[in-house]
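A.B. asks: Structure below; questions to follow.
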Amino acid sequence: EAEVAQSPRYKITEKSQAVAFWCDPISGHATLYWYRQILGQGPELLVQFQDESVVDDSQLPKDRFSAERLKGVDSTLKIQPAELGDSAMYLCASSDLSGRYNEQFFGPGTRLTVL
Amino acid sequence: ELKVEQNPLFLSMQEGKNYTIYCNYSTTSDRLYWYRQDPGKSLESLFVLLSNGAVKQEGRLMASLDTKARLSTLHITAAVHDLSATYFCAVDPLSGGGADGLTFGKGTHLIIQP
């Protein structure tokens, strides 16, 4: 069964360091999302891509976060510099919008701990 | 701004009992999703509800959508321990322009005790 792949699964870093997360969506899914989930809360959208273009990054803290999907397939989310409050699970999801609805399939996530 | 509220946030129940989780949302939408999350794991899609009156069932779980009341319910019948998890509802805000990131509720942490 096709799955969304993410790496690394866990990342521990110190405050002010740079971190990067990678996501490979389900093959053929043109839409890719990055969400952040703080412990005990629901996921919150950071950025949405349609192919290689950003559709929505209104909730992305652009002073320290960046995201790219250069060839419209896999994607990288970067944080520089990391802050203590960035500790969270970072989830990638993809969907195929060729149908009528927007069922999003989530990857296993990257759990980030900032010390 | 779309708000999605779930209740209860925590629920402890005994095996064999029935219960309902409620999901209210603040703006017009006819696309609502239910996900399950086990501790430390990612989200698993349970149900996709796309129209007023939609009802979906899978095993002991049944989800419904009332778009006029802006309310979805997830009903658990004769609960078993394996259903212990956190359940999230999520709404597509229909923002237009292709932006369709989901807005999630805070989740309902469900514990089912023998």
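A.B. asks: Label B:Glu1 and B:Arg60 with points 7 Å out from Cα along Cα→Cβ: what is the distance between them in nm?
C.D. replies: 3.7 nm
A.B. asks: So, one more: Amide H of B:Arg31: which non-local residues (sequence gap of 5 or more, or other chain) have their own amide H closer than 5 Å, using H built in the peptide plane?
C.D. replies: B:Asp92
A.B. asks: Within chain B, what's the longest run with no trypsin sites (Lys or Arg not before Pro) in a DSSP loop and at most 16 other beta-carbon atoms within 10 Å? Give the range, please. Walk me through the numbers on the way to the answer.
C.D. replies: On the way: sites that count: B:Lys3, B:Lys17, B:Lys41, B:Arg60, B:Lys68, B:Lys106.
Here the longest run is B:69-105.
A.B. asks: Identify the trypsin sites (Lys or Arg not before Pro) of the range A:37-115 meeting these criteria: DSSP loop state and at most 15 other C-beta atoms within 10 Å of the C-beta.
C.D. replies: Sparse-neighbourhood loop trypsin sites (Lys or Arg not before Pro): A:Lys62, A:Arg64, A:Lys71, A:Arg100.
A.B. asks: With a 1.4 Å probe on protein heavy atoms only, work out how much accessible surface A and B bury together, total over both chains, in Å² to the nearest 100. Display every interim value, and only then the final one.
C.D. replies: Numbers: alone 6620 and 6400 Å², together 11310 Å².
In total, this chain pair buries about 1700 Å².
A.B. asks: Okay, next question. Taking GluC sites (Glu not before Pro) as exposed when DSSP calls them loop (any state but H, G, I, E, B) and at most 15 other Cβ atoms lie within 10 Å, what is the longest stretch of chain B free of them, the sites themselves excluded? All intermediate terms of the calculation are to be shown ahead of the outcome.
C.D. replies: Details: sites that count: B:Glu1, B:Glu15.
Value returned for the longest uninterrupted segment is B:16-114.
A.B. asks: Still on this structure, please answer the following. What relative contact order, as a whole-number percentage, does chain A give when Cα pairs under 8 Å and 6 or more residues apart are counted?
C.D. replies: Answer for chain A is 37 percent.
A.B. asks: While we're looking at this one, here's another question. Taking a cut-off of 15 Å between Cα atoms, list the aspartates and glutamates near B:Lys68, but don't count ones fewer than 8 places away on the same chain.
C.D. replies: Within the straight-line cut-off, B:Lys68 pairs with B:Asp30.
A.B. asks: Mind listing the long-range amide H neighbours of B:Ala85? Cut-off is under 5 Å, sequence gap 5 or more, other chains count too, H placed in the peptide plane at 1.01 Å from N.
C.D. replies: Result for B:Ala85 returns B:Leu110.
A.B. asks: When only Cα pairs under 8 Å and 6 or more residues apart are kept, what is the percent relative contact order across chain B?
C.D. replies: Relative CO of chain B lands at 36 percent.
A.B. asks: Which entries in the list A:Lys15/B:Lys41; A:Lys11/B:Lys41; B:Lys3/B:Lys106; A:Lys15/A:Lys78 go over 19 Å, if you measure between the two C-alpha atoms of each?
C.D. replies: Numbers: A:Lys15/B:Lys41 25 Å; A:Lys11/B:Lys41 15 Å; B:Lys3/B:Lys106 10 Å; A:Lys15/A:Lys78 14 Å.
Too far apart for the 19 Å limit: A:Lys15/B:Lys41.
A.B. asks: Quick one: if the Förster radius is 30 Å, what FRET efficiency do B:Thr28 and A:Leu39 give, using the C-beta to C-beta distance and rounding to 0.05?
C.D. replies: Result of the calculation: an efficiency of 0.45.
A.B. asks: At a Förster distance of 35 Å, what's the computed FRET efficiency of A:Ser27 paired with A:Ser58, Cβ-Cβ distance as r, to 0.05?
C.D. replies: 0.80
A.B. asks: Round to a whole angstrom and tell me the spacing of the C-alpha centers of the range B:1-71 and the range A:23-51.
C.D. replies: 20 Å
The values are calculated or read from the model by the stated rules, or taken from the named source; none is laboratory data. On a predicted model such as this, the values are computed, not experimentally measured, just so you know. Every residue, glycine as well, gets a Cβ built from its backbone with ideal geometry; the counts of neighbours run over all protein chains shown. Only protein heavy atoms, including side chains, enter the accessible area calculation; ligands, DNA and RNA are left aside. Shrake-Rupley method; radii C 1.70, N 1.55, O 1.52, S 1.80 Å.
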